[in-house]
Amino acid sequence: MEAQIKKFYISTAIAYTSSKPHIGNTYEIVLADAIARYKRLTGYDVYFQTGTDEHGQKIEEKAKVNGKKPQEFVDEVALEVRRIWDIMNTDYDKFVRTTNPAHKEMVAKIFKRLYDQGDIYKGKYEGLYCTPCESYFTQSQLVDDKCPDCGRPVNRASEEAYFLKLSKYAERLEKYIEENPDFIQPESRRNESVNNFIKPGLQDLCVSRTSFDWGVPVSFDQDHVVYVWIDALSNYITFLGYDVDGNHNEEFKKYWPADVHLIGKDILRFHAIYWPIMLMALGLPLPKKVFGHPWLLSGDDKMSKSKGNIIYADDLVKYFGVDAVRYYLLHDIPFASDGIFTYDLLIERINSDLANTLGNLVNRTISMTNKYFNGIVVEPNVHEEIDNELIELVKSTPLKVEEKMNNYRVADALDEILEIFRRCNKYIDETMPWILAKDETKKDRLGTVLYNLLESIRQGTVLLQAFLPETAEKIFSQLNTENKHYDSLKEFNGLDVGIKVNEASPLFLRIDKEEKLKEIYGENNE
Ligand SMILES: [Zn+2]
């Protein structure tokens, strides 16, 4: 029998190209990147897709305001999105753009197929329309007479339009969500989908527009363009080589269904309702999971005054370095509730976890190895009872990290790894290598203590490379080891005896909060 392929398909939502993405959008790509890197590390064949959503009325209007053609405008924003994804050191497999001709062609074919089979029909729409969201709502869906998604005012509008028969699939979808409790996660998002969207009754969805041109034309009725969400959601299959006539390419056959669509909670309705129904209508299996992550809120008053509360990833990386920003995003945004971003919190986190716990540990350990053994890693042959607790903790960590990552509890997984480094610092206090160094008869014991520290750091770093790849490389380089493989965590002997570690160099510098804030706000106020 053929061995089962461990494949893993993860996607982010595609970024809307109306403006440069801020740190909140950037959180999602970093989160997806850490999950993708972790899966690759643990032996999965990973396909990681991200990209840009480039059609719709809002973009057409924005381009006009900027005196540009829509294509010219989205080309620039898409480039900016890629630049930021690169600054964040994300390692995706494909960056997709919905203005791609092959994608557009397939979207038109999907629309036609759904029309031909009766799942899309022509009717007339009268309702309350939110222009920024490009969505119609009924009176009962409004919140305080405003758009339930963005809170902006809505206008009464009417047009001839095509509709997708959501009502036909509502019961089947509700049953599916009930029978597959992992399909929509976290649990609060699943309850929201059922109670807020399905239970009140699904109305057929208006899936074409005539008020603007910037979109995929309906092939059999050229006055209409396909609703931007039908276009955008299709990206998850079109760019993998889905073919509406069944001639899918190998990538699609291998990776679909997706293992997880990572999305912001604000677009849950589209991924938990419309997308599954589109897939049901096309006769395709549903993604295994839709994970609605929380938002990252800016909680710094000063920031809001000077910059309208918008924080950009490239500014943060300039001031703090990419891994400090990645660490904050991955470690400090809770699983299900919103996270807060402030410079104060970021600086505190860098100083405590990265400069102190991790940086200081690596620096001290490498320095002591150089000082006491000329950098040579020696045989650990004087074992003491006190070593067991450290070694057991290190050896039990991969499983704990795996359990957390399987549930997308990325912050908790990262903290399990930090626990190794915290325990190492405690072990230094317990064993006091500088005292051992004063007694020539304790030389072998000192070598063992240092081996235990170096190997614990190496094992922690093997796991850390999924989250902080640049920092992990620096640590491996200081340890002078190429043994970065997940398999090397099974035993506690992955660091070769006899190698010579390199010179210690600081991984993260302690930040003076006052100085740094002056640097940031000084520049912004210019
Ligand atoms: Zn709205």
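The values are calculated or read from the model by the stated rules, or taken from the named source; none is laboratory data. Because the structure is predicted, anything quoted here is derived from the model rather than measured. We place every Cβ from the backbone using ideal geometry, glycine too, and count neighbours over all the protein chains shown. Ligands, DNA and RNA are stripped out before the accessible areas are found, and what is left, the full protein with its side chains, is counted by its heavy atoms. Shrake-Rupley method; radii C 1.70, N 1.55, O 1.52, S 1.80 Å.
Side notes on the structure shown:
- Cross-link partners for LYS265 among the aspartates and glutamates, with Cα-Cα distance under 14 Å and sequence neighbours closer than 8 places in the same chain left out: GLU28, ASP149, GLU187, GLU192, ASP338.
- Histogram of C-alpha separations across region 376-499, 5 Å bin width, %: 2, 11, 21, 23, 20, 13, 6, 3, 1, 0
- Taking packing as the residue-averaged number of other Cβ atoms within 10 angstrom, the listed peptides 269-282, 421-434 run from highest to lowest as 269-282, 421-434.
- The C-alpha atoms of region 431-491 occupy a region whose extents along the principal axes are 40, 23, 17 Å, arranged from largest to smallest.
- Difference of contour (0.36 nm per residue) and Cα-Cα distance, GLU384 to GLN117: 88.8 nm
- Convex hull volume per residue for the chain, taking Cα atoms only, in Å³: 172 Å³
- Packing rank of 487-494, 174-181, where each peptide gets the mean count of other beta carbons within 10 Å, highest leading: 487-494, 174-181
- At R0 = 25 Å, FRET efficiency that the Cβ-Cβ distance of GLN71 and LYS109 yields, to 0.05: 0.70
- Total formal charge among the other residues, if their Cβ is under 12 angstrom from that of LEU329, Lys/Arg +1 and Asp/Glu -1: -2
- The three principal axes of the C-alpha atoms in region 460-502 carry coordinate ranges of 29, 25, 12 Å, sorted with the longest axis first.
- P(r) weight above 17 Å for region 151-213, C-alpha pairs, percent: 56 percent
- Each semi-axis of the equivalent ellipsoid for region 165-277 is √(5λ) with λ an eigenvalue of the Cα gyration tensor; in descending order they amount to 25, 20, 13 Å.
- Highest mean packing comes first when the peptides 5-15, 381-391 are listed by Cβ atoms within 10 Å, giving 5-15, 381-391.
- Apportionment of accessible area to carbon and sulfur, the chain, percent (1.4 Å): 47 percent
- Per residue, the chain reaches -14500 deg cm²/dmol at 222 nm when only DSSP H runs of four or more residues are counted, each adding -39500 (n - 2.57).
- Only lysine pairs 8 or more places apart or on separate chains count here, and in region 27-128 those with Cα atoms under 24 Å apart total 17.
- Accessible surface for the chain, divided over its residues, is 43 Å² per residue with a 1.4 Å probe.
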